[in-house]
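Since the structure comes first, as structure tokens, the remarks are kept for the end.
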Amino acid sequence: MKKICFLNRECESEEHRKLKEKLKDSYEFTNFPSQADIIVQTVCAITDEEVAAMNFELERVSRLKKKGALFILTGCTVKIKGKEFFKKFDFVDYAITCDSLAQKVLNIIANYEKLSKNGRKN
């Protein structure tokens, strides 16, 4: 069974809970990004200090990410800073806002699984 890691930093919305509920039978949950096939990280950073801490955390997770793993970044920071801000993190496959989070992530994962079965990565 494939593994999924949710890194939420104490920021878990109803959308996160819905997403976990829908994935619980298809994925094994892990707390270790190095073991995960899919990483969903939520970033909440409003102040400059929080943004600096977020940058450090993203770089740390990027070193732990196993080769070929899908990395989805979400949270209020994506909405505030914009997707362009996250392009500097080349390990981020998708940066999405929390609006309809569960459905967006499920669509991304479905596409990822489809491409993986065909021997291609997005």
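All of the numbers you see were taken from the coordinates with simple rules; none came from a lab. Just so it is clear, the structure is predicted and the values come from calculations on it, not from any experiment. Cβ coordinates were reconstructed from backbone atoms using ideal geometry, including for glycine residues, and neighbour counts include every protein chain displayed.
Numbers at a glance
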read-out: Cα-based reach from Lys117 at 26 Å (exclusive), listing lysines while leaving out same-chain residues under 8 positions away; value: Lys2, Lys3, Lys18, Lys20, Lys22, Lys24, Lys65, Lys66, Lys67, Lys104
read-out: Low-density loop cleavage sites - trypsin sites (Lys or Arg not before Pro) in segment 1-49, where at most 12 other Cβ are within 10 Å (DSSP); value: Lys24
read-out: Rough spin-label spacing in nm, given labels placed 7 Å along Cα→Cβ, for Glu21 and Lys117; value: 2.6 nm
read-out: Correct choice for mean projected area of the Cα convex hull in nm² that was computed from the model, options (1) 7.1; (2) 10.5; (3) 8.9; value: (1)
read-out: Sum of -39500 (n - 2.57) over DSSP H runs of 4+, divided by residues of the chain (222 nm, nearest 500); value: -13000 deg cm²/dmol
read-out: Charge dipole (debye, nearest 20) of the chain; +1 at Cβ of Lys and Arg, -1 at Cβ of Asp and Glu; value: 660 debye
read-out: Neighbour-limited loop hits for GluC sites (Glu not before Pro), segment 32-122 (at most 12 other Cβ within 10 Å; DSSP other than H, G, I, E, B); value: none
read-out: DSSP loop chymotrypsin sites (Phe, Trp or Tyr not before Pro) with at most 16 other Cβ within 10 Å excluded, longest remaining stretch of the chain; value: 1-88
read-out: Extension reserve of the Phe91-Phe56 stretch, reckoned as 0.36 nm per residue once the Cα distance is removed; value: 11.2 nm
read-out: For Lys3, residues with placed amide H under 5 Å, excluding near neighbours; value: Glu28, Asp37, Ile38
